[in-house]
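Asks: So that we are looking at the same thing, I have put the structure below in structure tokens.
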Amino acid sequence: MTVSYSLKVSQSSMCSFARLLFMWTGSIYKLIWKEFLLYLILYYILSAIYRFALTNEMRQSFELTCVFFKDRILQVIPLGFILGFYVSLVISRWWSMYKTIPWTDGVCQLIATHIQGADEEMRKIRRTIVRWLNLTIVIVFTCVSMPVLKRFPTIGHLVKAGLMTKKERLEYENLQTPHVKHWLPIGWACNLARKLREEGKIKDDIALDLLLKKFQDIRGDVGGMMEYDWISVPLVYTQVVTIALYGYFLAKLFADQFIDIDMATGNKYDGFPIDFYFPVLTVLEFFFYFGWLKVAEAIINPYGADDDDFELNEIIDRNFQVLYAM
């Protein structure tokens, strides 16, 4: 579920953001620690080979390779530009995906206002309409979210949860189509609203029009969720960013090695004045760039089960509570 830290920074104070660095859930440390550990292992393997296993001639070849990567290869990859634009695109898409999530509060208020009648029959009708709307939402949630699909893996689970009756299940399953039938419960709600208008249970056409527009708003929202699930960020762009990042740090494995002296001249190489056994600046750069990519990786599909993904199961439960409060 989404990690909320707003209360921790509700007041500006000394080191208020610095305190967030000690959080683990949803943190950069949790996202990149495996890649970071592997990178350090590879770095120290190369360092140990250079320091203890190579002959003088082989050391010179290794040193020239390191200088080549430092002077040439790292200047070829515009990593900051590529990665920054990609993450900006993914974050914009992430927020738009959140805005498509449907909530039933508004339509429930309209239904309670415009579908008249205080008897038990009318109360059941109002709840039935909202249940159908929730059924549409859950059907789409199962298509885009693995946690929701695990909760409702079959139509039978929707029946057991009270979202669908056995009669409705038969009608739903008898409609043969290769596509997702999330629109069918919305159709039931629209037909029932029209029938209620004919019976005078909805007082005028304006009220009916308001209800139908709200029904279609929900259909549009869930349709938008399916579109985001169907149309991803172009694969080629994701591949370019991934290749650029991994290629950059593969070159850094050599470029950031400490090398002693030029075996041909006996002089120290420029840029390697101090023997750093721990690559401090490389580690900082690794956190910046890999953290950037991991942010995009974590939120490119926010309907999943990562720490910062949207908790759709909680939204389902909340919409149920609104239904039974009517």
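The values are calculated or read from the model by the stated rules, or taken from the named source; none is laboratory data. Given the structure is predicted, the values throughout are model-derived calculations rather than measurements. All Cβ positions, even for glycine, are placed from backbone atoms using ideal geometry, and neighbour counts span all protein chains on display. Keep in mind that these areas ignore ligands, DNA and RNA; they rest on the heavy atoms of the full protein, side chains included. Shrake-Rupley method; radii C 1.70, N 1.55, O 1.52, S 1.80 Å.
Asks: In region 55-68, which residues are charged (D, E, K, R), farther than 12 Å from residue 256 by Cα and open to solvent by less than 80 Å² (accessible area, probe 1.4 Å)? Working first, answer last.
Replies: Here is the first cut: in region 55-68, the ones charged (D, E, K, R) are 57, 59, 63.
Still in the list and also farther than 12 Å from residue 256 by Cα: 57, 59.
Across region 55-68, the qualifying residue is only 59.
Asks: Can you pull out every residue in region 69-106 that is of a type in the set (S, T, N, Q), assigned to a helix (DSSP H, G or I) and either surrounded by 11 or more Cβ atoms within 10 Å (Cβ to Cβ) or in contact (Cβ under 8 Å) with a residue 24 or more places away in the chain (or both)?
Replies: 88, 96
Asks: With respect to residue 41, is the statement that it is on the phi < 0 side of the Ramachandran plot, at pLDDT below 90 and either of a type outside the set (Phe, Trp, Tyr) or open to solvent by less than 50 Å² (accessible area, probe 1.4 Å) (or both) true? I'd like the intermediate steps shown before the answer.
Replies: Values: on the phi < 0 side of the Ramachandran plot: yes; at pLDDT below 90: no; either of a type outside the set (Phe, Trp, Tyr) or open to solvent by less than 50 Å² (accessible area, probe 1.4 Å) (or both): yes.
Against the criterion (on the phi < 0 side of the Ramachandran plot, at pLDDT below 90 and either of a type outside the set (Phe, Trp, Tyr) or open to solvent by less than 50 Å² (accessible area, probe 1.4 Å) (or both)), residue 41 does not qualify.
Asks: (1) farther than 16 Å from residue 185 by Cβ; (2) more than 23 Å from the chain's Cα centre (by Cα): which one isn't true of residue 151, the others all being true?
Replies: (2)
Asks: Is it the case, given these coordinates, that residue 227 is open to solvent by 20 Å² or more (accessible area, probe 1.4 Å), more than 27 Å from residue 318 (Cβ to Cβ) and modelled with pLDDT of 90 or more?
Replies: no
Asks: Return a yes/no flag: does region 203-222 have any residue that is farther than 30 Å from residue 81 by Cβ, open to solvent by less than 70 Å² (accessible area, probe 1.4 Å) and not in a helix (DSSP H, G or I).
Replies: Yes: region 203-222 contains one or more residues that are farther than 30 Å from residue 81 by Cβ, open to solvent by less than 70 Å² (accessible area, probe 1.4 Å) and not in a helix (DSSP H, G or I).
Asks: Among the residues of region 176-200, which ones are open to solvent by less than 60 Å² (accessible area, probe 1.4 Å) and not in a helix (DSSP H, G or I)?
Replies: 177, 180, 181, 182, 200, listed by residue number.
Asks: Which count do you get for residues in region 7-36 that are part of a loop (DSSP other than H, G, I, E, B), within 26 Å of residue 286 (Cβ to Cβ), of a type in the set (A, V, I, L, M) and modelled with pLDDT under 75?
Replies: Result for region 7-36: 0.
Asks: Restricting to region 150-175, give me the number of residues that are outside any loop (DSSP other than H, G, I, E, B) and either of a type in the set (D, E, K, R) or surrounded by fewer than 17 Cβ atoms within 10 Å (Cβ to Cβ) (or both).
Replies: Our first condition is that a residue be outside any loop (DSSP other than H, G, I, E, B); within region 150-175, this holds for 150-151, 155-160, 166-174.
Adding the requirement that they be either of a type in the set (D, E, K, R) or surrounded by fewer than 17 Cβ atoms within 10 Å (Cβ to Cβ) (or both) leaves 150-151, 155-157, 159-160, 166-171, 173-174.
Residues flagged as outside any loop (DSSP other than H, G, I, E, B) and either of a type in the set (D, E, K, R) or surrounded by fewer than 17 Cβ atoms within 10 Å (Cβ to Cβ) (or both) within region 150-175 amount to 15.
Asks: Now for a different question. Restrict the check to region 237-250 and report whether at least one residue is touching a Ser or Thr at 6+ places or on another chain (Cβ under 6 Å), assigned to a helix (DSSP H, G or I) and not aliphatic (A, V, I, L, M). Working first, answer last.
Replies: Residues of region 237-250 that are touching a Ser or Thr at 6+ places or on another chain (Cβ under 6 Å), as a first pass: none.
Among the residues of region 237-250, not one is touching a Ser or Thr at 6+ places or on another chain (Cβ under 6 Å), assigned to a helix (DSSP H, G or I) and not aliphatic (A, V, I, L, M), which makes the answer no.
Asks: Working only within region 156-196, note down all residues that are basic (Lys, Arg) and either touching a Lys or Arg at 6+ places or on another chain (Cβ under 9 Å) or modelled with pLDDT under 90 (or both).
Replies: Step one: of region 156-196, the residues basic (Lys, Arg) are 160, 166-167, 169, 181, 194-195.
Scanning region 156-196 gives a single hit, 195.
Residues checked against (1) at pLDDT 90 or above; (2) in contact with a helix residue (DSSP H, G or I) (Cβ under 6 Å, 6 or more places away or on another chain):
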position	(1), (2)
51	no, no
56	no, no
70	no, yes
87	yes, yes
94	yes, yes
97	yes, yes
124	yes, no
129	yes, yes
133	yes, yes
